[in-house]
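Peer 1: Here it is, the structure, as structure tokens.
The values are calculated or read from the model by the stated rules, or taken from the named source; none is laboratory data. The model shown is predicted, which means the values in this text are computed figures rather than measured ones. Neighbour counts are summed over all protein chains in view; Cβ atoms, including those assigned to glycine, are modelled from backbone coordinates with ideal geometry.
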Amino acid sequence: MQTKVINLDNAEAGEIDLNDSIFGLAPRQDLLHRMVRYQLAKRRAGTHKVKGRHEIARTGAKPFKQKGTGRARQGSWKAPQHRGGGVAHGPQVRSHAHDLPKKVRRLAMLHALSSKAAGEKLIVLDQAVMDEGKTKILAAKLKAMGLNSALIIDGTDVNENFVRAARNIPLIDVLPQQGANVYDILRREHLVLTRSAVEALEARLS
């Protein structure tokens, strides 16, 4: 499908032909949901931890004799029912990551790109290059383009001045094409791709 290309001054800079097999699919919410869950689970630290009864530094002696005290029998002060005892069935250090087939992950990426194109939230930029890394200048240009929340994806190499200028603008993210992922695409309202990003993504996903 044909899409117009604009530059940072919001002026037309030609057209580009987007691959329908990548940008023209009917978005499937189930695939996007599975992929977002996969990404968020994988990035969890999993460092939550409590001490079980075997880790408590207390005496291992029986608290008091079994019979004759009128109290309930007890075997250890480390047991969970005692103050200072171990926690029963508490969280332990573990990985929250789960498997998702590579084909499903690739398909989810296609549907994420297609969802932005279908919702008219996809913008193709001629190039993301700034002469100087000034946040004020770039913020004014993005505001003129109507971009309040956007993920900007460039080619393999991202212009250093552009990254520096965008770094302090809220809800604006900049990534190289190899860092493009479903979660970051969906969490911002607009997706902005440069010409080189479109070429690289089409080569990567074809």
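Peer 1: Pull out all pairs, ordered by first then second residue, where Cβ-Cβ is under 6 Å, the residues are six or more apart or on different chains, the first lies in segment 108-126 and is free of Cβ contacts under 8 Å to residues at least 60 places away in the same chain and closer than 17 Å to MET35 by Cβ, and the second is in a helix (DSSP H, G or I) and of a type in the set (Phe, Trp, Tyr).
Peer 2: none
Peer 1: Name the residue that is farthest from the chain's Cα centre (by Cα), counting only residues in segment 72-91 that are surrounded by fewer than 13 Cβ atoms within 10 Å (Cβ to Cβ) and closer than 30 Å to ARG44 by Cα.
Peer 2: The selected residue is GLY84.
Peer 1: For segment 59-101, what are the residues that are touching a residue at least 40 places away in the same chain (Cβ under 8 Å), in contact with a helix residue (DSSP H, G or I) (Cβ under 9 Å, 6 or more places away or on another chain) and of a type outside the set (A, V, I, L, M, F, W, C)?
Peer 2: Correct list: SER95, HIS96, HIS98.
Peer 1: Right, here's the next one. Which of the residues belonging to segment 149-180 are among the polar types (S, T, N, Q), part of a loop (DSSP other than H, G, I, E, B) and surrounded by fewer than 17 Cβ atoms within 10 Å (Cβ to Cβ)?
Peer 2: If the condition is that a residue be among the polar types (S, T, N, Q), part of a loop (DSSP other than H, G, I, E, B) and surrounded by fewer than 17 Cβ atoms within 10 Å (Cβ to Cβ), then SER149, THR156, ASN168 are the ones that fit.
Peer 1: Here is a further query. Is it the case that segment 20-27 has a residue that's assigned by TED's automatic domain parsing to the domain that holds TYR183, loosely packed, with under 12 Cβ neighbours inside 10 Å, outside any loop (DSSP other than H, G, I, E, B) and at positive phi?
Peer 2: No, that holds for no residue.
Peer 1: Among the listed residues THR59, THR69, identify the single one that is modelled with pLDDT of 95 or more and either part of a loop (DSSP other than H, G, I, E, B) or exposed (fewer than 15 other Cβ atoms within 10 Å of the Cβ) (or both).
Peer 2: Being modelled with pLDDT of 95 or more and either part of a loop (DSSP other than H, G, I, E, B) or exposed (fewer than 15 other Cβ atoms within 10 Å of the Cβ) (or both) holds for just one of THR59, THR69, which is THR69.
Peer 1: Kindly establish whether ARG195 is surrounded by 15 or more Cβ atoms within 10 Å (Cβ to Cβ), touching a strand residue (DSSP E or B) at 6+ places or on another chain (Cβ under 9 Å) and either outside the structural domain of ALA26 (by TED's automatic domain parsing) or closer than 25 Å to LEU31 by Cα (or both).
Peer 2: For ARG195, the condition - surrounded by 15 or more Cβ atoms within 10 Å (Cβ to Cβ), touching a strand residue (DSSP E or B) at 6+ places or on another chain (Cβ under 9 Å) and either outside the structural domain of ALA26 (by TED's automatic domain parsing) or closer than 25 Å to LEU31 by Cα (or both) - is not met.
Peer 1: Return the total of residues in segment 100-129 being under 19 Å from LEU142 (Cα atoms) and surrounded by fewer than 19 Cβ atoms within 10 Å (Cβ to Cβ).
Peer 2: Residues that pass the stated criteria total 5.
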